[in-house]
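What follows is a single structure, written as structure tokens, with notes after it.
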Amino acid sequence: MNPTEPRRVEHQQTDKGYVPVYTTGVVEQPWSTYSRADHQTWATLFERQRAILEQRACAEFIENQKRFHMTPDAIPRFDDLNTVLIKATGWQLIGVEGLLPELTFFDHLANRLFPVTWWLRKPEQIDYIAEPDLFHDLFGHVPLLLNPVFADYMEAYGKGGVKAHGIGAEALINLTRLYWYTVEFGLIRQNGELRIYGSGIVSSKGESIHCLESPAPNRIGFDLRRIMKTRYRIDTYQKTYFVIDSFDQLMDATRPDFASIYAELAEQPSFPAGDVQGSDAVFHRGTGAGWASDGDV
């Protein structure tokens, strides 16, 4: 490999499972180096997910993918997407080699820079990959950055992350849970029905169906403090999904200074991922079928 070419930085498999490997470099998308197999993997994933999501994803997700002119024909060029994105909301995509350290990630978001992993999963990883790749980042995250309110939420989250990093580990845990249950695994109510907006769901065939149609998980109304106290799953489908009424609700949730909230929550225990509390607005109480008894993080 030419030393100037971007690296493919992946988690390392050990006898104790995957160990995350972090990188901080910003790189140019090496579009000309994508192989025919890479473009075919993109096409397979794109066509499969769009078919699944047509009646499951929120309206903004589908509309904005079309505004970007994303198609299965080829892996999109970041430069082409940036032409649309910068004009719409002032955000810009930047290429990265893999998973970013928390503070680096927060700093990018705070400056309206969204990091996209330049490399794509291998064909044998089509159904599952243990870390974010180009498909997750580009297909899953980028469309909603065209929505002005969601774009503002992401910037506010980044600024909040920088502050939380300075406060301490417990504050970061609280904030990470908010990102997990909104940006990655959030549901939204539209026209009386539940729809998907979380990128971790829209980029997953199985979870796109599971989150809306399985009787196993809880579906609970959005509550900031409740989410910040709730553990989650990184190795299975979620036990609980939180439902927003609108993207304005997310933006409103970021307006307070979280410092006092972190202090308040520090005195309270966290909730297991599958718990339902008496104060919850429950859309569906899950059966818990198939849940692992441990492994919440």
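The residues of the stretch 25-40 that are surrounded by fewer than 18 Cβ atoms within 10 Å (Cβ to Cβ) and either part of a helix (DSSP H, G or I) or among the polar types (S, T, N, Q) (or both), listed by number, are 31, 32, 33, 35, 36, 37, 39, 40.
Only one of 166, 158 is open to solvent by 30 Å² or more (accessible area, probe 1.4 Å) and over 11 Å from the mean Cα position of the chain (by Cα). Can you tell me which? Matching residue, one of 166, 158: 166.
Looking at the structure I just gave you, is residue 173 closer than 20 Å to residue 102 by Cα, modelled with pLDDT under 95 and open to solvent by 10 Å² or more (accessible area, probe 1.4 Å)?
On the way: closer than 20 Å to residue 102 by Cα: yes; modelled with pLDDT under 95: no; open to solvent by 10 Å² or more (accessible area, probe 1.4 Å): yes.
The answer is no for residue 173.
When restricted to residues that are surrounded by 22 or more Cβ atoms within 10 Å (Cβ to Cβ) and out of contact with any helix residue (DSSP H, G or I) (no Cβ under 7 Å at 6 or more places or on another chain), the stretch 176-194 contains 3.
So, of the residues in the stretch 82-118 that are assigned to a helix (DSSP H, G or I) and open to solvent by less than 30 Å² (accessible area, probe 1.4 Å), which turns out to be farthest from residue 157 (Cα to Cα)?
Of the stretch 82-118, the ones assigned to a helix (DSSP H, G or I) are 82-89, 102-110.
Subset that is open to solvent by less than 30 Å² (accessible area, probe 1.4 Å): 82, 85, 89, 106, 108-110.
On the way: 82: 21, 85: 19, 89: 16, 106: 8, 108: 11, 109: 7, 110: 7 Å.
If we take residues in the stretch 82-118 being assigned to a helix (DSSP H, G or I) and open to solvent by less than 30 Å² (accessible area, probe 1.4 Å), then 82 is farthest from residue 157 (Cα to Cα).
Number of residues in the stretch 41-61 that are in a helix (DSSP H, G or I), under 28 Å from residue 122 (Cβ atoms) and in contact (Cβ under 8 Å) with a residue 40 or more places away in the chain equals 10. Take residue 133 and decide whether it is touching a Lys or Arg at 6+ places or on another chain (Cβ under 7 Å) and free of Cβ contacts under 8 Å to residues at least 40 places away in the same chain. Spelling it out, residue 133 is indeed touching a Lys or Arg at 6+ places or on another chain (Cβ under 7 Å) and free of Cβ contacts under 8 Å to residues at least 40 places away in the same chain.
Considering only the stretch 63-81, how many residues are in a helix (DSSP H, G or I) and crowded, with 20+ Cβ neighbours inside 10 Å?
4
The values are calculated or read from the model by the stated rules, or taken from the named source; none is laboratory data. Owing to the predicted nature of the structure, the values given are computational and were not obtained by experimental measurement. When we count neighbours, we look across all protein chains shown, and the Cβ atoms used for this are built from the backbone with ideal geometry, even at glycine. Ligands, DNA and RNA are excluded from the accessible area calculation, which covers all protein heavy atoms including side chains. Shrake-Rupley method; radii C 1.70, N 1.55, O 1.52, S 1.80 Å.
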